[in-house]
1. Determine whether segment B:564-571 contains at least one residue that is at positive phi and either in the same structural domain as residue B:132 (by TED's automatic domain parsing) or crowded, with 16+ Cβ neighbours inside 10 Å (or both).
2. Any residue at all in segment B:310-324 that is within 24 Å of residue B:292 (Cβ to Cβ) and crowded, with 21+ Cβ neighbours inside 10 Å?
3. So which residues in segment B:245-268 are facing chain A (nearest Cβ under 8 Å), part of a helix (DSSP H, G or I) and touching a residue at least 40 places away in the same chain (Cβ under 8 Å)?
4. Quick one: how many residues across segment A:119-146 are assigned to a helix (DSSP H, G or I) and buried (at least 19 other Cβ atoms within 10 Å of the Cβ)?
5. In this structure, does residue B:281 turn out to be within 21 Å of residue B:211 (Cα to Cα), touching a helix residue (DSSP H, G or I) at 6+ places or on another chain (Cβ under 6 Å) and assigned by TED's automatic domain parsing to the domain that holds residue B:160?
6. Check B:293, B:379, B:336 and return the single one that is closer than 29 Å to residue B:560 by Cα and modelled with pLDDT of 95 or more.
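The values are calculated or read from the model by the stated rules, or taken from the named source; none is laboratory data. What you see is a predicted model, and the numbers here were worked out from it, not measured in a lab. Positions of Cβ are generated from backbone atoms using ideal geometry, with glycine treated the same way; all protein chains shown enter the neighbour counts.
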């Protein structure tokens with residue numbers, strides 16, 4: 001067999017060693033996720049720009065988001081979302097150590113914190129609609145719901161990925177050498193959190 | 001966008017230990033007997049490239065018929081062939097089809113087929129996502145075209161400016177089809193971009209540094225980065241418009257303070273990089289063809305590469321030159337005038353380099369060469385008329401006239417499409433194993449050049465005389481009659497030249513049976529893809545080549561003597577690849593990409609007609625994503641007999657050995673893949 005390999009090897013190559021790592025040293029999946037997240041920045045960039053342009057409604061078209069939100073409530077749910085990044089890091093650390101029990105704990109915690117955030121958003125939206133700011137009320141309400149809604153959908157997709165990982169782990173299908181799968185989901189999760197920091201600043205904090 | 005997110009769930013094949021067993025889902029398709037099924041479920045980048053090309057030609061015929069309708073309508077003043085409404089739909093769909101379903105996918109076809117070959121890879125980084133990209137593009141394109149069957153196409157121009165694109169002014173569903181179809185095609189472009197970027201960055205063969213990559217690969221990389229950042233902006237704008245039209249949001253509702261300039265800005269922030277991402281693949285292809293037929297290395301390789309990168313960056317800073325008459329203010333106008341003048345520089349650098357490549361070369365005027373020179377000359381005309389747009393006062397005069405139509409057809413047809421035509425002739429033997437007839441090819445070129453110039457050159461005159469675009473008719477007595485007739489005659493000659501090309505495909509295939517096969521290297525070419533047999537075998541390379549310099553293949557055949565003469569040092573027989581691919585492990589086909597892709601139009605129809613369909617489509621999509629993520633890494637029996645892969649000798653260096661500690665036979669993927677080529681391991685993701 002060795003002879004066959006020698007015969008078929010590229011005879012023009014000065015050093016016949018074929019490098020088994022990727023050229024960048026980053027795995028395809030992880031690099032793919034990074035590239036995807038770069039693209040997501042532009043999607044959210046467009047939505048944030050739209051919101052900044054439309055943050056106040058035309059006079060007489062219902063309340064602006066600023067008049068209806070409860071800063072305390074959203075601050076708490078934002079805090080929970082940011083804490084989920086911490087639990088995500090702990091989950092990745094756990095699987096890298098081979099600690100599957102803690103992996104499941106932290107994955108569940110992350111998904112739970114994320115769900116709390118989404119639940120908070122649903123509650124918030126409902127409250128806003130009751131206060132007279134529906135999706136079609138004004139340009140600001142459309143922009144507000146679209147921006148935060150897009151983010152909410154991203155969080156939800158993240159939760160689905162986390163729960164899927166949890167189920168895989170519980171069934172024993174997520175061994176240590178797949179730690180990177182958890183890490184890549186983590187990358188996505190952190191990105192969604194970082195985007196929320198920007199959105200929270202733009203929508204809730206800037207006067 | 002969310003469609004790609006579950007991707008990390010995909011369990012990379014190969015690094016599974018023997019303990020890993022896929023969940024109880026459908027097994028992957030075994031290579032089926034019927035030929036058509038092998039195409040439906042294929043993940044082979046070459047087949048996907050061929051399908052991209054075929055679909056693009058199909059859409060090209062549709063878009064071309066629309067163009068002929070436009071020209072027939074404008075044959076004489078007060079034409080009555082099309083009503084104003086139909087005319088609006090026809091020119092909108094012509095532009096949309098040609099941009100999104102012809103030029104972009106032909107670029108994708110070449111990128112898919114050639115780029116992995118040029119970097120010495122066996123497939124792209126994510127073969128299944130690659131298949132998904134293609135099917136998604138096809139699903140989006142077909143969805144868009146079905147608008148003709150359900151009440152008419154979009155009618156707001158390919159840019160669909162707000163508020164003209166609102167329900168008030170466009171009450172039919174045409175613009176909804178446009179929106180949703182292009183969002184689906186956008187998903188295809190985005191996933192494709194991620195895939196190809198990772199492929200170029202990660203899967204280059206040994207020795208293939210970034211600056212030893214062929215120029216086409218470089219241009220592909222720049223193009224994919226442009227797509228990566230441009231597509232989400234368009235998607236964002238289209239989501240806003242969709243919410244306006246379907247759910248009564250107020251983004252472009254002027255009464256509620258909606259700002260039409262928001263649409264214009266978002267659209268052109270996408271739209272101008274789009275222009276460059278349509279032309280750069282053709283630039284890359286020409287940079288491959290010219291050195292072959294000038295029998296000289298490309299002049300100023302690094303200049304061409306860096307100017308391509310510069311275009312990639314500067315392309316983001318010129319979008320508002322589409323908006324000089326929209327009242328954006330003198331500072332913006334000045335800024336974008338200047339940036340538009342500047343971006344002509346890197347493009348000019350390329351033209352100069354190509355000309356210098358030809359200078360002093362032993363020119364062989366084959367059909368690919370003719371088309372390449374056609375690109376250089378025609379694109380230069382289009383580029384020069386483009387620079388005139390940077391002068392804002394002149395642009396104000398030219399805005400929305402046929403002068404603009406002439407300009408962008410010179411760059412897109414005379415530029416991009418001439419390059420693609422040349423590349424069709426050039427790469428046909430590599431892809432299909434037979435040469436296209438040269439005599440017909442050369443006639444094809446001259447007829448196309450004639451038809452093209454007859455069609456579009458008079459439009460410069462018409463535009464400067466003040467004839468407006470997008471108006472379904474014109475009155476006699478303005479001096480428009482004669483040149484419009486010339487344009488229409490030209491358009492039909494152009495259509496004839498396309499028919500000649502399609503005829504040539506079948507004619508040459510029949511004739512090829514009595515001719516000797518072209519062999520791996522019919523043009524005496526320079527880059528490593530010509531080492532492989534024609535047509536390229538499924539496994540691409542066996543063994544994977546090691547690259548030491550630019551134009552590696554050329555320098556395996558030829559060497560420079562001390563007095564700068566070329567001498568042949570190896571025969572083609574010696575340098576070409578002969579392996580039968582025994583033992584090369586390739587990614588298995590999969591059912592899920594096509595299922596996932598065709599769930600999207602179901603959702604889109606649901607959004608337009610009844611939300612229940614969305615539920616159906618959503619369910620199919622969910623099943624497909626989970627099926628995809630959890631499907632086994634290999635077809636039953638797919639890896640058998642592969643333990644003796646040619647590169648097994650250096651398997652010990654594989655990063656997988658830690659994970660793949662199980663026996664080679666127990667887990668057919670681990671041993672085979674760790675041995676054959678660790679790069680493939682990630683590819684199944």
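1. Filtering segment B:564-571 for residues at positive phi gives B:564.
Next, from what is left, pick out any that are either in the same structural domain as residue B:132 (by TED's automatic domain parsing) or crowded, with 16+ Cβ neighbours inside 10 Å (or both): none.
So far as segment B:564-571 goes, no, none of its residues is at positive phi and either in the same structural domain as residue B:132 (by TED's automatic domain parsing) or crowded, with 16+ Cβ neighbours inside 10 Å (or both).
2. The initial filter retains those residues of segment B:310-324 that are within 24 Å of residue B:292 (Cβ to Cβ), namely B:311.
Adding the requirement that they be crowded, with 21+ Cβ neighbours inside 10 Å leaves B:311.
Looking through segment B:310-324, at least one residue is within 24 Å of residue B:292 (Cβ to Cβ) and crowded, with 21+ Cβ neighbours inside 10 Å.
3. Passing the criteria: only B:262.
4. Restricting attention to segment A:119-146, the residues satisfying the condition of being assigned to a helix (DSSP H, G or I) are A:119-130, A:139-146.
The next check asks that each one be buried (at least 19 other Cβ atoms within 10 Å of the Cβ); those that pass are A:121, A:128, A:139-146.
Going through segment A:119-146 one residue at a time, the tally reaches 10.
5. Values: within 21 Å of residue B:211 (Cα to Cα): yes; touching a helix residue (DSSP H, G or I) at 6+ places or on another chain (Cβ under 6 Å): yes; assigned by TED's automatic domain parsing to the domain that holds residue B:160: yes.
For residue B:281, the condition - within 21 Å of residue B:211 (Cα to Cα), touching a helix residue (DSSP H, G or I) at 6+ places or on another chain (Cβ under 6 Å) and assigned by TED's automatic domain parsing to the domain that holds residue B:160 - is met.
6. Working: B:379 fails: closer than 29 Å to residue B:560 by Cα; B:336 fails: closer than 29 Å to residue B:560 by Cα.
On inspection, the qualifying residue turns out to be B:293.
Okay, residues lined up against (1) in the same structural domain as residue B:68 (by TED's automatic domain parsing); (2) touching a helix residue (DSSP H, G or I) at 6+ places or on another chain (Cβ under 6 Å); (3) farther than 27 Å from residue B:53 by Cβ; (4) surrounded by fewer than 19 Cβ atoms within 10 Å (Cβ to Cβ):
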position: B:455; (1), (2), (3), (4): yes, yes, no, no
position: B:460; (1), (2), (3), (4): yes, yes, yes, no
position: B:473; (1), (2), (3), (4): yes, no, yes, yes
position: B:478; (1), (2), (3), (4): yes, no, yes, yes
position: B:484; (1), (2), (3), (4): yes, no, yes, no
position: B:492; (1), (2), (3), (4): yes, no, no, yes
position: B:500; (1), (2), (3), (4): yes, yes, no, yes
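Residues checked against (1) facing chain B (nearest Cβ under 9 Å); (2) without any contact (Cβ under 8 Å) to a residue 24 or more places away in the chain; (3) closer than 19 Å to residue A:195 by Cβ; (4) part of a helix (DSSP H, G or I):
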residue: A:116; (1), (2), (3), (4): no, no, yes, yes
residue: A:148; (1), (2), (3), (4): no, no, yes, yes
residue: A:153; (1), (2), (3), (4): yes, yes, yes, yes
residue: A:164; (1), (2), (3), (4): yes, yes, no, yes
residue: A:168; (1), (2), (3), (4): yes, yes, no, yes
